[in-house]
Amino acid sequence: MSRVTLSVPFDASQHDPHGTLRVTRYTAWMRDRTWLKRGPSLFGYHPGWVWWALAVLLFVGGATLITHGIERRQVNREYIDARLAYHAMEQGLDVQLVAAVVEAESGGDWLAESDAGAKGLMQVMPIALRDVRERYDVGPGDLFDPDYNLRVGTLYLRHLLDRFDGDVRLAVAAYHMGPSKLARGKRDEPGLSSQQLIDKHAGPKTKAYVERVLGMYDAAQ
């Protein structure tokens, strides 16, 4: 805030050496109307009312987003389990297999997102979503929606099982790394077992993924 010096007829008991009345900071501040334009002071700086209003809006908006995010993560686990079972049965999949894939992919975090762009409970990749939408009657949706994600993910897993003649090990590997290399290997080297195909064409992350999924699946039987 500024301090305004006013020249008025002076009282000898209050004048300064220059013969002007020094009005108190409070009175001067009240007379100085520029503060209405500048807004309250922040460490001696006047950002202005517009900037103060923007700051308040950003603060309120940020707090709302944080609260909304917390609420979104508090999804009823029973709801997810029910939708998982529904979509697994709709596609003729073992519920425990789908549950093992979900656990390995996202740990049950329906808002999970990988650096590669995989989203949701079953970490559906954009290319897998496009494949499913082209093959089946699936409209656009939010992959962070547990129901939509499970629908797309189980359809894709069903497609992989059909493509690899019901071979769970190959289907799980293909879910992680994509089906192309394994499909070519199966076609060109029909004498190789599922494990041999994976050993030859899959990387270490896919191999570890397959063992984890099938380990959980077998334990649940």
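Among the residues of the range 174-192, write down those that are aliphatic (A, V, I, L, M) and either assigned to a helix (DSSP H, G or I) or under 39 Å from the mean Cα position of the chain (by Cα) (or both).
Correct list: 174, 177, 182, 183.
Could you grab the pairs with beta carbons closer than 8 Å, sequence gap of 6+ or different chains, first residue in the range 111-122 and over 15 Å from residue 141 (Cα atoms), second one among the polar types (S, T, N, Q) and not in a loop (DSSP other than H, G, I, E, B)?
So the pair list comes out as 112/106.
Being part of a helix (DSSP H, G or I) and surrounded by 11 or more Cβ atoms within 10 Å (Cβ to Cβ) is the filter here, so list the residues in the range 128-145 that pass it.
128, 129, 131, 132, 133, 135
Here's the yes/no breakdown for (1) within 20 Å of residue 79 (Cα to Cα); (2) in contact with an Asp or Glu (Cβ under 9 Å, 6 or more places away or on another chain):
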| site | (1), (2) |
| --- | --- |
| 99 | yes, yes |
| 105 | yes, no |
| 111 | yes, no |
| 131 | no, no |
| 138 | no, no |
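Can you name the number of the only condition in (1) surrounded by fewer than 21 Cβ atoms within 10 Å (Cβ to Cβ); (2) without any contact (Cβ under 8 Å) to a residue 40 or more places away in the chain that residue 169 fails?
It fails just one condition, (2).
Among the residues of the range 94-111, how many are buried (at least 17 other Cβ atoms within 10 Å of the Cβ) and farther than 25 Å from residue 167 by Cα?
1
Residues in the range 84-141 that are under 17 Å from the mean Cα position of the chain (by Cα) and hydrophobic (A, V, I, L, M, F, W, C): how many?
So the count comes out to 10.
Are there any pairs, at least 6 apart or on different chains, whose C-beta atoms fall under 7 Å, with the first in the range 78-99 and touching a residue at least 60 places away in the same chain (Cβ under 8 Å) and farther than 12 Å from residue 146 by Cβ and the second aromatic (Phe, Trp, Tyr) and surrounded by 18 or more Cβ atoms within 10 Å (Cβ to Cβ), and if so, which?
Close Cβ pairs (under 7 Å, with a partner that is aromatic (Phe, Trp, Tyr) and surrounded by 18 or more Cβ atoms within 10 Å (Cβ to Cβ)) amount to 96/217; 97/217.
Read the figures in this text as sums done on the coordinates, not as results from a lab. Computed from a prediction, not measured in an experiment: that's the story for all the values here. Note: ideal-geometry Cβ built from the backbone for every residue, glycine included; neighbour counts use all protein chains shown.
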